[in-house]
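Taking it in order: structure first as structure tokens, then the write-up.
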């Protein structure tokens with residue numbers, strides 16, 4: 001898969017099968033679009049192209065409401081690559097791009113650079129200034145520019161929640177990891193370098209690894225989670241706390257720390273991956289360290305009892 005960060009980096013493609021969208025999280029709906037994109041491309045014998053954006057448009061259009069990216073830039077590329085598409089064009093979404101009309105976006109970007117013979121879009125996709133571009137807009141222009149149009153309908157899931165990146169972000173912020181994972185079709189994951197902490201866990205018999213936060217990545221609700229920690233390409237059962245450690249301090253500096261079971265090596269400076277499997281409880285302030293220790297032991301036992309067969 002070839003990856004481009006700008007239109008200028010691409011020599012105009014003679015013809016293509018094209019999909020457009022945000023693709024943050026690369027959830028079940030996105031995967032359905034990618035499957036159709038690759039299938040149509042192979043049938044036509046021409047390149048499959050995904051045009052997406054970084055950062056995702058919502059973060060620029062509504063920064064006060066945006067909760068954070070589900071995937072980092074590199075995580076999104078890695079997930080998309082698994083689909084088997086030929087070309088990924090990830091345009092920077094900025095103030096100048098947000099004011100481009102749907103007609104100019106179609107003419108100047110899609111047609112002039114990719115010459116799509118087929119365009120694949122999701123049922124709820126919008127583009128162009130004030131979201132004036134959608135499936136119906138493309139349908140009106142299809143004959144003029146000689147492209148076929150394929151609409152991917154809403155994908156049904158086994159949850160009561162709407163399948164969208166925004167819905168997944170809300171679930172993560174509410175601590176509903178299980179539902180978020182169902183919509184994603186994979187485990188929500190945080191990767192980061194292990195940094196030095198205050199060693200509070202070690203002092204009470206539950207040593208932890210502290211993960212450096214990515215400022216652009218969404219952080220789930222404060223609380224304790226059952227997770228899998230991937231260290232040196234090996235997976236370990238773990239419990240992860242996201243929060244302020246209120247029993248020890250009144251400071252509001254959020255941290256991500258994991259107590260890894262059956263592991264006691266020094267991994268400062270190493271990158272680890274934390275896969276979130278399920279939610280145990282919200283973070284709370286305990287009246288004593290002894291009460292906290294008893295609760296952590298209960299959390300640890302829940303982790304030991306959890307079925308890790310699919311992780």
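Per-peptide packing, taken as the mean over residues of other Cβ atoms within 10 Å, places 52-58, 23-29 in the sequence 23-29, 52-58 from highest down. Sorting the segments 200-210, 147-157 by their residues' average number of neighbouring beta-carbon atoms within 10 angstrom, most packed first, yields 200-210, 147-157. Helix 135-145 versus the longest principal axis of the chain: what angle, 0 to 90°, nearest 10, using Cα atoms? Rounded to the nearest ten degrees, it is 40. Legend: ranking of residues 188, 232, 73 from fewest to most surrounding C-beta atoms inside 10 Å; resulting order 232, 73, 188.
Over all pairs of different C-alpha atoms in the chain, the reciprocal of the mean inverse distance, the Kirkwood hydrodynamic radius, equals 21.3 Å.
Residues 290, 160, 283, ranked from the fewest to the most other C-beta atoms within 10 Å, line up as 160, 290, 283.
For segment 2-152, the relative contact order works out to 33 percent when only alpha carbon pairs closer than 8 Å and six or more residues apart are counted. Averaging the sequence gap over all C-alpha pairs within less than 8 Å and six or more residues apart, then dividing by the number of residues, gives segment 71-218 a relative contact order of 16 percent. Oblate is the label for segment 1-122, because the ratio a/c of its alpha-carbon gyration tensor axes (a ≥ b ≥ c) is 1.5 or higher and a/b is not greater than b/c.
Any idea what angle helix 289-305 forms with the longest principal axis of the chain, computed on alpha-carbon atoms, 0 to 90 degrees, nearest 10? Taking Cα atoms only, the helix is inclined about 50 degrees.
Taking a ≥ b ≥ c as the square roots of the Cα gyration tensor eigenvalues, segment 188-305 comes out rounded, since a/c falls below 1.5.
The angle between the Cα long axis of helix 28-44 and the main principal axis of the chain comes to about 40°, on a 0 to 90 degree scale. Contact order, relative form, for the chain: 17 percent (alpha carbon pairs under 8 Å, 6 or more residues apart, mean separation divided by residue count). The sum of -39500 (n - 2.57) across all DSSP H runs of n ≥ 4, divided by the residue count of the chain, sets its helix-only mean residue ellipticity at 222 nm to -7500 deg cm²/dmol.
FYI, it's all coordinate maths here, none of it is from the lab. Note that this is a predicted model, so its numbers are computed, not measured. With ideal geometry, Cβ positions are generated from the backbone for all residues, glycine too; neighbour counts draw on all protein chains shown.
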